[in-house]
Amino acid sequence: MKKLAILLSLLCCASTLTAQNLSDVLPLLQKNKRTTTETQQVFQLFRTASQPDVIFAAGASLVKIPPASAQEPALLNLIMRQDQPLKSIFSAVIITAMGKHYQDFVPLLEQGLQSPDLALRSYAAGAYSILNPSDKTYANDVVRLYIFDPEFAQRALHLLTADASAQFKLIKNAAQSKDAQTRAAAAMWLGMLHTTKANQQLVKMAKTETNSSVQTQLATALALNQNVTLPETVKGLKKDYESAQSATYALTLGFMTGNAISSLRQTILSKNKNERINTLRALAYMANVLSNPDAFAYSNDRTFDAGLLKSFIPQVNIISKTGDAVERTYADNALLQFEKLM
């Protein structure tokens, strides 16, 4: 689950930035903290770049870490230009992120809100909502912004409504969007709320979601709230292993790592074939999670959890030898993934 925020990457620390390929300028834009000099380098890249992906990535990075107020005149000058609308719209978003609220930007941001590029629409919606908080028309776009810039999205949503219950309602509505990316963002946001209502909505989403990218975000969000969501997730292992939803439950348990082990010890012995197969899938996912360099994000003690997981090897070996053809396939795959932990 490498979030779409990968678009926010950038630059090697050269004094002059002339690169036109995004791959040449990734490291600096990925930084969560930058020096004043580095931020100025990003700003220069934004001003001089001509490639849309570089303009977008540099602009998004300047929303996350705004430039010095002394750069406002240069950004206003970019807004006045007619030849690069992407740069003009992002300049308005950047100035808004700097804390300057110019109502004159509203028409320009409305142009961004009509863009077929959903990412650009998300940023435009964030700035538009800050400038015009009485208009909740673009609330779904603000929720989608959470994928790219959680802090900017939160600023916008808090201005759309200061009431926590009303904010939850807007996120819940976005969770029912026809757009998969919006649903994924809503799931991610719900997972960070850690409330009963948010967890209930995540459980509800898991029962129907079929889009793989949304399922990944759902699984992560459910795992973040495992103290509450674990029982419902385990129940989901009884789903038909060929159903799309079963993948959500198996992946969620994989992300829960050691906290799911006790439950999986029971389900792997189940008389229900779907439950056994989905347990094998969960074990395979867990092996992948624990063998990943980012395992620390899902496990407090990777070595300990990996040891717990490897204790399943004898049982999985038995299924590999005595199960039916389908069970053997999933057991063999789990054993293959376990090898990554050896």
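The values are calculated or read from the model by the stated rules, or taken from the named source; none is laboratory data. Computed from a prediction, not measured in an experiment: that's the story for all the values here. Positions of Cβ are generated from backbone atoms using ideal geometry, with glycine treated the same way; all protein chains shown enter the neighbour counts.
For segment 226-261, the tally of residues that are under 16 Å from Met188 (Cα atoms) and surrounded by fewer than 21 Cβ atoms within 10 Å (Cβ to Cβ) stands at 1.
Tally the residues that are more than 17 Å from Leu62 (Cα to Cα) and of a type outside the set (S, T, N, Q), restricting the search to segment 86-108.
6
I'm trying to understand the selection: among the residues of segment 263-286, which are of a type in the set (Ser, Thr, Tyr) and closer than 16 Å to Asn317 by Cβ? Result: Thr279, single match.
Results for (1) modelled with pLDDT of 95 or more; (2) surrounded by fewer than 19 Cβ atoms within 10 Å (Cβ to Cβ); (3) outside any helix (DSSP H, G or I), shown as yes or no for each residue.
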residue	(1), (2), (3)
Glu110	yes, yes, no
Gln114	yes, yes, yes
Ser122	yes, no, no
Ala125	yes, no, no
Lys136	yes, yes, yes
Asp141	yes, no, no
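Could you grab me the full set of residues in segment 96-116 that are under 20 Å from Gln71 (Cα atoms) and either among the β-branched types (Val, Ile, Thr) or touching a residue at least 60 places away in the same chain (Cβ under 8 Å) (or both)? Across segment 96-116, the qualifying residue is only Thr96. Ala206 meets each of the listed conditions (1) more than 30 Å from Phe90 (Cα to Cα); (2) free of Cβ contacts under 8 Å to residues at least 40 places away in the same chain; (3) small (Gly, Ala, Ser) apart from (2). In the set Arg328, Arg302, only one residue is under 20 Å from Ser263 (Cβ atoms) and in the same structural domain as Asp240 (by TED's automatic domain parsing); that residue is Arg302.
Only one of these is over 26 Å from the mean Cα position of the chain (by Cα) and either under 23 Å from Gln154 (Cα atoms) or part of a helix (DSSP H, G or I) (or both): Asp53, Asp104. Name it.
Result: Asp104 is the single residue among Asp53, Asp104 that is over 26 Å from the mean Cα position of the chain (by Cα) and either under 23 Å from Gln154 (Cα atoms) or part of a helix (DSSP H, G or I) (or both).
Looking only at residues in segment 61-79 that are assigned to a helix (DSSP H, G or I) and β-branched (Val, Ile, Thr), the one that is surrounded by the most Cβ atoms within 10 Å (Cβ to Cβ) is Val63. Selection of first residues in segment 313-342 that are free of Cβ contacts under 8 Å to residues at least 40 places away in the same chain and over 26 Å from Thr303 (Cβ atoms) and of second residues that are of a type in the set (Ser, Thr, Tyr) and assigned to a helix (DSSP H, G or I), restricted to Cβ pairs under 8 Å at least 6 apart or on distinct chains, gives the following pairs, ordered by first then second residue: Arg328/Ser320.
Counting only residues that are among the polar types (S, T, N, Q) and outside the structural domain of Ala125 (by TED's automatic domain parsing), give me the helices (runs of 4 or more DSSP H) lying completely in segment 148-231 with at least 1 of them.
Filter on segment 148-231 gives 164-174, 180-193, 196-206, 212-224.
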